[in-house]
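Worksheet: the structure to be examined is printed underneath.
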Protein chains: 2
Amino acid sequence: MQGSPQPTTSPAAYSATDRTVPTRAAHKASYDREVVHAILDEGYVCHLGFVRDGAPVVLPTLYARVGETLYVHGSTGSRPLRMAGQADPGLPVCLTVTHVDGLVLARSAFHHSINYRSVVVHGVAHDVTDPQEKLAVLDALVDHVVPGRAADARPANKRELAATAVLRLHLDEVSAKTRTGGVNDEPEDLALPHWAGVVPLRKGYDTPLPEPDLAPGTGVPDYLAAR
Amino acid sequence: MQGSPQPTTSPAAYSATDRTVPTRAAHKASYDREVVHAILDEGYVCHLGFVRDGAPVVLPTLYARVGETLYVHGSTGSRPLRMAGQADPGLPVCLTVTHVDGLVLARSAFHHSINYRSVVVHGVAHDVTDPQEKLAVLDALVDHVVPGRAADARPANKRELAATAVLRLHLDEVSAKTRTGGVNDEPEDLALPHWAGVVPLRKGYDTPLPEPDLAPGTGVPDYLAAR
């Protein structure tokens, strides 16, 4: 309504669009912001898709979420980042994040599956040019991969900021898709003598490997030891 | 040369093209078939990019390699698979596989990175319609995720084969990209009191969780126990 105040909080869910309503398995889809944010925040590598000379290109890249904005970054020489900088009014992209949680082994080959959680974001990416926003984004990217790390590293200088391109993508046309739980076999297959169940993926990190030339007395920081 | 016999073996490397030569970090790129095959064979989830109504779409999907062909599969109702079935002469796609191996923590925020191995395949995907090829592909997909499993599951029947769409993509325009090793800090940063090094990702699987209603006496098969 004209003259109405803007809502001060986002609605709890993203609006579904033709692109984000799946053609199948609609029960696996979610538009809930908390679900979407949790999947995005657990990862740090996305697959960024864009169109170049009419053909699709998909590249892995690092990302971070700040509120309702996703940032991806790379060298100013990389193709999507150059293209977005040159594109007006921005570069249409599709950014996808996927976590694989387990292998689902059914008694039938057909019902084999994987447990996963994914988020697909459609939108237009824009080049971030403001040095202050760029600096904040670089910190967010470092902290997104290793929370607490940005404060324990030498910040980017002017030369490094100039060599880094950052893209901004608003979370607007977004959906999550998840598969959890056990096996969905056909009733007539249940008596077959094949093992069925879920093989969970092991997640986490191994012991950090220090560089051989650390400054004397530099131990593993708490934010790493706690992982 | 006209009249020359075709080579009976593939050359050891894929030919580089404008799309597969990186604009930066060229030392990280490889066109070696063995390198590409090893990265593809270690994974089973790819990110498949295609163009819909002029905009990019990137979806996670399962894949398997058979020689110089990649197969992806899904429901006949899923968008890329329907589009490829309708497209003539096929659907331009970009298929990307990424393995994250470790977090690279540098003394400077700018030199933070990740160790990874990725493969990007450009090409045109075609619908597989021959039932025999489809059946072989489904076995390959199951065995790609869990080697040895296809022989220990009830094969797909006619109805299930009809409900499954399979895409074929030839490995022709392909490149791999890898980052390995330690930190690349600036010489003047080496004395800074920040921990630097690599945090390796833990890989593997946890104990398989059997369905509660397995046929009596069905134990964990050897091909799972050995993982």
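Considering region B:169-201 alone, what residues qualify as being without any contact (Cβ under 8 Å) to a residue 40 or more places away in the chain and either more than 8 Å from chain A (Cβ to nearest Cβ) or in contact with a strand residue (DSSP E or B) (Cβ under 6 Å, 6 or more places away or on another chain) (or both)?
Our first condition is that a residue be without any contact (Cβ under 8 Å) to a residue 40 or more places away in the chain; within region B:169-201, this holds for B:187-188, B:191, B:193.
The answer is B:PRO187, B:GLU188.
Kindly provide the set of residues from region A:94-107 that are more than 21 Å from B:GLY54 (Cβ to Cβ) and either crowded, with 22+ Cβ neighbours inside 10 Å or of a type in the set (D, E, K, R) (or both), ordered by number. Step through it out loud before you land on a result.
The first filter runs over region A:94-107 and keeps only residues more than 21 Å from B:GLY54 (Cβ to Cβ), leaving A:97-107.
Those that are more than 21 Å from B:GLY54 (Cβ to Cβ) and either crowded, with 22+ Cβ neighbours inside 10 Å or of a type in the set (D, E, K, R) (or both): A:VAL97, A:THR98, A:ASP101, A:GLY102, A:LEU103, A:VAL104, A:LEU105, A:ALA106, A:ARG107.
Among the listed residues A:THR218, A:THR207, which satisfies the condition of being more than 7 Å from chain B (Cβ to nearest Cβ), out of contact with any helix residue (DSSP H, G or I) (no Cβ under 6 Å at 6 or more places or on another chain) and of a type outside the set (A, V, I, L, M, F, W, C)? Give the steps one after another, and end with the answer.
Values: A:THR218 fails: more than 7 Å from chain B (Cβ to nearest Cβ).
One residue alone meets the criteria, A:THR207.
Under the condition of being buried (at least 21 other Cβ atoms within 10 Å of the Cβ) and among the aliphatic types (A, V, I, L, M), which residue from region B:110-127 is nearest to the other protein chains (Cβ to nearest Cβ)?
B:VAL120
Which ones in region B:142-153 are surrounded by 20 or more Cβ atoms within 10 Å (Cβ to Cβ), in contact (Cβ under 8 Å) with a residue 24 or more places away in the chain, at the interface with chain A (Cβ under 9 Å from one of its Cβ atoms) and in a helix (DSSP H, G or I)?
To start, the set of residues in region B:142-153 that are surrounded by 20 or more Cβ atoms within 10 Å (Cβ to Cβ) comprises B:142, B:144-146, B:149, B:153.
Imposing the further condition that a residue be in contact (Cβ under 8 Å) with a residue 24 or more places away in the chain reduces the set to B:144-146, B:149.
When the remaining residues are screened for being at the interface with chain A (Cβ under 9 Å from one of its Cβ atoms), the result is B:145-146, B:149.
Within region B:142-153, B:VAL145 is the sole residue that qualifies.
Of all residues in region B:12-34, which are touching a helix residue (DSSP H, G or I) at 6+ places or on another chain (Cβ under 8 Å) and assigned to a loop (DSSP other than H, G, I, E, B)? Show your work before the answer.
From region B:12-34, those touching a helix residue (DSSP H, G or I) at 6+ places or on another chain (Cβ under 8 Å) are B:12-14, B:22-23, B:30; that's our starting set.
The answer is B:ALA12, B:TYR14, B:PRO22, B:THR23.
Can you confirm whether B:LEU135 is more than 7 Å from every other protein chain (Cβ to nearest Cβ) and either surrounded by 20 or more Cβ atoms within 10 Å (Cβ to Cβ) or touching a Phe, Trp or Tyr at 6+ places or on another chain (Cβ under 9 Å) (or both)?
Details: more than 7 Å from every other protein chain (Cβ to nearest Cβ): yes; either surrounded by 20 or more Cβ atoms within 10 Å (Cβ to Cβ) or touching a Phe, Trp or Tyr at 6+ places or on another chain (Cβ under 9 Å) (or both): no.
Taking the combined requirement at face value, the residue does not satisfy it.
Yes or no: B:VAL220 β-branched (Val, Ile, Thr), farther than 30 Å from B:ALA29 by Cα, surrounded by 12 or more Cβ atoms within 10 Å (Cβ to Cβ) and over 22 Å from the mean Cα position of the chain (by Cα)?
Working: β-branched (Val, Ile, Thr): yes; farther than 30 Å from B:ALA29 by Cα: yes; surrounded by 12 or more Cβ atoms within 10 Å (Cβ to Cβ): yes; over 22 Å from the mean Cα position of the chain (by Cα): yes.
Yes: the conditions hold for B:VAL220.
Looking only at residues in region A:171-217 that are charged (D, E, K, R) and under 30 Å from A:THR17 (Cβ atoms), which one is farthest from the chain's Cα centre (by Cα)?
As a first pass, look at region A:171-217 and keep what is charged (D, E, K, R): A:172-173, A:177, A:179, A:185-186, A:188-189, A:202-203, A:206, A:211, A:213.
Cutting the leftovers down to under 30 Å from A:THR17 (Cβ atoms) gives us A:172-173, A:177, A:179.
Values: A:ASP172: 15, A:GLU173: 14, A:LYS177: 13, A:ARG179: 17 Å.
Ranking the candidates gives A:ARG179 first.
Closer than 17 Å to B:GLY54 by Cα, surrounded by 19 or more Cβ atoms within 10 Å (Cβ to Cβ) and either among the charged types (D, E, K, R) or at pLDDT below 95 (or both): is that true of A:PRO89 in this structure? Walk me through it before giving the result.
Values: closer than 17 Å to B:GLY54 by Cα: yes; surrounded by 19 or more Cβ atoms within 10 Å (Cβ to Cβ): no; either among the charged types (D, E, K, R) or at pLDDT below 95 (or both): yes.
No; evaluated as a whole, the condition is false for this residue.
What pairs come out if I take residues in region A:42-61 that are surrounded by fewer than 21 Cβ atoms within 10 Å (Cβ to Cβ) and pair them with residues that are outside any strand (DSSP E or B) whose C-beta lies under 6 Å away, six or more apart or interchain?
Pairs found: A:TYR44/A:HIS144; A:TYR44/A:VAL145.
Quick one: how many residues across region B:162-183 are part of a loop (DSSP other than H, G, I, E, B) and of a type in the set (Asp, Glu)? Break it down stepwise before answering.
Quick first cut of region B:162-183, residues part of a loop (DSSP other than H, G, I, E, B) only: B:171-172, B:180-183.
Imposing the further condition that a residue be of a type in the set (Asp, Glu) reduces the set to B:172.
The total comes to 1.
In the list A:ALA156, A:ALA165, which residue meets the criterion of being touching a helix residue (DSSP H, G or I) at 6+ places or on another chain (Cβ under 9 Å), more than 10 Å from chain B (Cβ to nearest Cβ) and surrounded by 19 or more Cβ atoms within 10 Å (Cβ to Cβ)?
Working: A:ALA156 fails: more than 10 Å from chain B (Cβ to nearest Cβ).
Checking each option against the conditions leaves just A:ALA165.
The values are calculated or read from the model by the stated rules, or taken from the named source; none is laboratory data. This one's a predicted model, so the numbers in the text were calculated from it and none came from an experiment. Glycine gets a Cβ as well: all are built from the backbone with ideal geometry, and neighbour counts include every protein chain shown.
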